[in-house]
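Student: Dumping the structure here so I can ask a few things about it.
The values are calculated or read from the model by the stated rules, or taken from the named source; none is laboratory data. All of these numbers come straight from a predicted model, not from anything done at the bench. Every residue, glycine as well, gets a Cβ built from its backbone with ideal geometry; the counts of neighbours run over all protein chains shown. What goes into the accessible areas is simple: the full protein's heavy atoms, side chains included, and nothing from ligands, DNA or RNA. Shrake-Rupley method; radii C 1.70, N 1.55, O 1.52, S 1.80 Å.
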Amino acid sequence: ETGVTQTPRHLVMGMTNKKSLKCEQHLGHNAMYWYKQSAKKPLELMFVYNFKEQTENNSVPSRFSPECPNSSHLFLHLHTLQPEDSALYLCASSPGLQETQYFGPGTRLLVL
Amino acid sequence: SQQGEEDPQALSIQEGENATMNCSYKTSINNLQWYRQNSGRGLVHLILIRSNEREKHSGRLRVTLDTSKKSSSLLITASRAADTASYFCATAGLQGAQKLVFGQGTRLTINP
């Protein structure tokens, strides 16, 4: 247990659905991250929040929309996804941007 | 890009043998971190080594850093079947606001 939780752990959705992924940490960390990990591809950083402010958006399509309402919670809202968006979505947090990151267990997403 | 590149991409050894994985990067760093990921799970932090350090140990793990060669190695001694996982290096650039950048990982398989 790293102290970072993600829900749901598994998600199957159609291309017209709207769903949200949730990440929660009570470690007192200031930075939170969303990563995408596809089969046989490197870990892709999607979004970075530092002190609740988005500091990075790595050219992520607008069908992915992050939200950070407070320093403990991070959401990834999904809308009109494509089958190629099927992947493991990992959330992480860290005390600061260059410090050790603590990862959640991930959400395995399948888009049909 | 400061992205670390792990070498080899895949490594298969017999239980009890030592496993060595390497990471090379391109720009100067503040620190370098190694993570482990079991299949389909989140990453787990192993060791952080700062740019002014040359070697660190943690149990059966030994990490070295050569800033002149811009490279690091992770040695796992007396490997066990449970060490089977993917191992990633991540680098933190010189600017404090820079995030960690992960490499593509080495897939390690320990054969019983």
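Student: If you take every DSSP beta bridge whose two residues both sit in chain B, what share of them, in percent to the nearest 5, is antiparallel? If you can, show how the numbers build up before the last one.
Tutor: Details: 40 of 45 bridges.
That works out to approximately 90 percent antiparallel.
Student: Moving on. Residues of A:92-104, mean number of Cβ from any other protein chain within 10 Å of their own Cβ, rounded to a whole number? Walk me through the numbers before you get to the answer.
Tutor: Details: counts 5, 0, 3, 0, 3, 8, 16, 6, 9, 10, 4, 7, 3.
Partner Cβ neighbours, averaged per residue: 6.
Student: Show me you know the interface measure: the accessible area buried between B and A, both chains summed, probe 1.4 Å, in Å² to the nearest 100. All intermediate terms of the calculation are to be shown ahead of the outcome.
Tutor: Working: alone 6050 and 6140 Å², together 10650 Å².
Chains B and A together bury approximately 1500 Å².
Student: Now, a different point. Looking at region B:66-103, which residues lose a minimum of 40 Å² of accessible area between their chain alone and all protein chains in place, measuring with a 1.4 Å probe and not counting ligands or nucleic acids?
Tutor: Relative to the lone chain, where solvent access is computed with a 1.4 Å probe, region B:66-103 loses at least 40 Å² at B:Lys99, B:Leu100, B:Phe102.
Student: If you bin the C-alpha pair distances of the protein assembly as shown every 5 Å from 0, what whole percents do you get?
Tutor: 1, 7, 15, 18, 18, 16, 12, 7, 4, 1, 0
Student: Follow-up. Find the Cα radius of gyration of chain A, compare it with 2.2 N^0.38 Å by division, and give the number to two decimals. Can you show the working numbers first?
Tutor: Working: Rg = 13.1 Å, N = 112, 2.2 N^0.38 = 13.2 Å.
Here the answer is 0.99, to two decimals.
Student: Write down, largest first, the equivalent ellipsoid semi-axes of region B:1-76 in whole Å, where each equals the square root of 5 times an eigenvalue of the alpha-carbon gyration tensor.
Tutor: On the way: eigenvalues 85, 41, 34 Å².
Equivalent ellipsoid of region B:1-76: 21, 14, 13 Å, largest first.
Student: May I pose another question? In this model, which of A:Lys40/B:Lys69; A:Lys22/A:Lys52; A:Lys36/B:Lys69; A:Lys22/B:Lys99 are farther than 19 Å apart at the alpha-carbon? All intermediate terms of the calculation are to be shown ahead of the outcome.
Tutor: On the way: A:Lys40/B:Lys69 28 Å; A:Lys22/A:Lys52 15 Å; A:Lys36/B:Lys69 30 Å; A:Lys22/B:Lys99 22 Å.
From A:Lys40/B:Lys69; A:Lys22/A:Lys52; A:Lys36/B:Lys69; A:Lys22/B:Lys99, over 19 Å: A:Lys40/B:Lys69; A:Lys36/B:Lys69; A:Lys22/B:Lys99.
Student: For A:Lys18, list the aspartates and glutamates whose Cα falls under 14 Å from its own Cα; do not include residues on the same chain fewer than 8 positions away.
Tutor: Filter leaves A:Asp85.
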